[in-house]
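One structure is given here, and the rest of the page talks about it.
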Amino acid sequence: MGASLEYLAVEPPFPSEIEFGNDASFGFRPIAPGSGVEFSAAIGGNRPREQFTVLLLTYRRDTVLYASLERLNNLPYLNKVVVVWNNPEDPSDHAWPRLHVPVHFVKATNNSLNNRFVPYDQIETEAVLSLDDDIDLKQHEIIFAFRVWREQRTKVVGFPARHHARYGTEMFYNSNHTCQYSMILTGAAFIHKAYMYVYTYRMPQVIRAKVDELMNCEDLAMNFLVSHLTRQPPVKTTSKWTLRCATCSEMLSQDSSHFNERHDCIRFFTRVYGYNPLLFSQFRVDSVLFKTRLPPNHQKCFKYV
């Protein structure tokens, strides 16, 4: 599996003048510079309008899943929600909330974290928002991250950032606050669907086997894969560092062995690739007018990010 972007059919953007043309079929809508009202009403950017798919991985937490689905109702630019039911038992007869978009339940044949990155046929968009069922993101945070991903489509774009570090002769996984990061956790991240295909069908099987063995590290495996293919670091959005639900039970990350397993994964994946492909980034992305003082008659792009 060589390091290349052959899996991504990323077309170059149109010239910026196209959004001011008369042909509305391209799906562009001009955004008045500095106008938060107009900005909020259109996706804008250098590409035509598009949507994203939310992929939710869940296991025996109906109440938590219900709340997560409710938070997605009326989310702009959402195409559909795909719930990966990671429990081999049939989905419960729970009365799930009705959303403004279709919600598809995909029953997994086994309880595997690799199921997060299967390129399911139900996913019809290039942009996929990978979410854990216990992640509480505000809708404006999701929309902002989607706008960022549209300009950084070959990267993992998301919220919780982590890094790798060498202590002595060994490499370690680190979640401490730091001025640089090399991974974005895929419990709250946008990725291109093409990477899901590569992860499932082209990435070395021993990596997926390690994920199943430890029931851990699928997010690290995706970061290794994307950095290997692109030779670029991921992108962190907003100041959020942790997003976990404090009241949720049965969290894998609370297991005492969680960090030791992730140290092991960093070292194992490095041996498989023959090198460590992770690269560091030293900045995060906020909206253009974040923390900018504006005249009273102006509205910011986003109120809080």
Mind listing whichever residues of the range 119-136 are aliphatic (A, V, I, L, M) and more than 12 Å from the chain's Cα centre (by Cα)? ILE123
Need pairs with beta-carbon distance below 7 Å; first residue under 15 Å from ARG147 (Cα atoms) and within the range 288-305, second of a type in the set (Phe, Trp, Tyr) and part of a loop (DSSP other than H, G, I, E, B); sequence gap 6+ or separate chains. VAL305/PHE290
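Applying the selection to the range 124-142, what residues are of a type in the set (D, E, K, R), surrounded by fewer than 22 Cβ atoms within 10 Å (Cβ to Cβ) and outside any loop (DSSP other than H, G, I, E, B)?
Result: GLU141, single match.
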Checking ALA145 against (1) in a helix (DSSP H, G or I); (2) touching a Gly at 6+ places or on another chain (Cβ under 6 Å); (3) among the small types (Gly, Ala, Ser): exactly one of these is not met. Which one? (2)
Within the range 183-197, is there a residue that is among the hydroxyl-bearing types (Ser, Thr, Tyr), assigned to a helix (DSSP H, G or I) and buried (at least 21 other Cβ atoms within 10 Å of the Cβ)? yes
Among the residues of the range 74-85, is any at pLDDT 90 or above, farther than 18 Å from ILE135 by Cα and either touching a Leu at 6+ places or on another chain (Cβ under 6 Å) or among the aromatic types (Phe, Trp, Tyr) (or both)? yes
Under 6 Å between Cβ atoms, at least 6 apart or on separate chains: pull out the pairs that start in the range 110-123 with a residue that is farther than 13 Å from TYR201 by Cβ and assigned to a loop (DSSP other than H, G, I, E, B) and end on any residue that is of a type in the set (D, E, K, R) and modelled with pLDDT of 95 or more. SER112/ASP212; ILE123/LYS193
With (1) at pLDDT 95 or above; (2) under 21 Å from THR178 (Cα atoms); (3) not in a helix (DSSP H, G or I) as the list, and HIS263 as the residue in question, which single condition is left unmet? (3)
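The values are calculated or read from the model by the stated rules, or taken from the named source; none is laboratory data. These numbers come from a predicted model, not from an experiment. Neighbour counts are summed over all protein chains in view; Cβ atoms, including those assigned to glycine, are modelled from backbone coordinates with ideal geometry.
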